[in-house]
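None of the figures in this text is laboratory data; all of them are computed from the coordinates on show. Source: prediction; values computed, not measured. Virtual Cβ from ideal backbone geometry, glycine too; neighbours counted across all protein chains shown.
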Amino acid sequence: MNGDALSLERMREWFPTPGHLVLFFRIGFWLYIMPILLKYMSMTALMRLITPGTRTLGPDGEEHAETLREKGDLIHAYATRILRENPDNMGKMCLKRSLVTYRFLRLRGIAAEFKLGVRKNGEGDLVGHSWIEVGGELFHDEESRRFKYAVTFSYPGKDPESRPARREA
């Protein structure tokens, strides 16, 4: 198999439908603008911006858990793939990836929560990390499994002011 055929086969694997390709580019767009938004917005304002209104799942309001998990896995894989293409992101992908993954999980009707936390490293310095939880469980995050972080910010939080506003259709 020559290189062109191999590349085409990889493209078909990553993007089995046109919708997958559109999702990939939408995620890429948000990853591109995220550093700009982070620079000029407070975290709460940013979270309100990227949190979509209430969404109903499926035609009858229900979807199978495995379908939701597959959607979440795909979103996470695309965000990670895009971030890894830029060497400047190495070692500091968690914030952008968490924010964009949060947005697209919520767009798909998955009740994701965004978390920021800190811990002390071996030298006593504070180290920050961000992650996503779905149903109180970590979502694709080995860093938070290995180390215990003190949560400093959570969205949506328990405070009603931090919850996303309902948008009328």
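If the chain between residue 21 and residue 40 were fully stretched, how many nm would it gain, using 0.36 nm times the residue separation less the Cα-Cα distance? List each step's numbers first, then the result.
Numbers: separation 19, 0.36 × 19 = 6.84 nm, distance 2.95 nm.
So the extension gain works out to 3.9 nm.
In Å, what is the Rg of the alpha-carbon atoms in the range 77-136, and how long is Dmax?
Final numbers for Rg and Dmax: 13.2, 41 Å.
Just to verify a number: FRET efficiency for residue 137 and residue 12, C-beta to C-beta distance, R0 = 30 Å, to 0.05? Mind dumping the intermediate values first?
On the way: r = 32 Å, r/R0 = 1.06.
Computed FRET efficiency for residue 137 and residue 12 comes out at 0.40.
May I ask which of 39/71; 71/96; 39/148 have a Cα-Cα span longer than 25 Å here?
Numbers: 39/71 29 Å; 71/96 19 Å; 39/148 27 Å.
From 39/71; 71/96; 39/148, over 25 Å: 39/71; 39/148.
Could you list which residues have their amide H under 5 Å from that of residue 111, counting only those 5 or more apart in sequence or on another chain, with H placed in the peptide plane?
Here nothing satisfies the definition.
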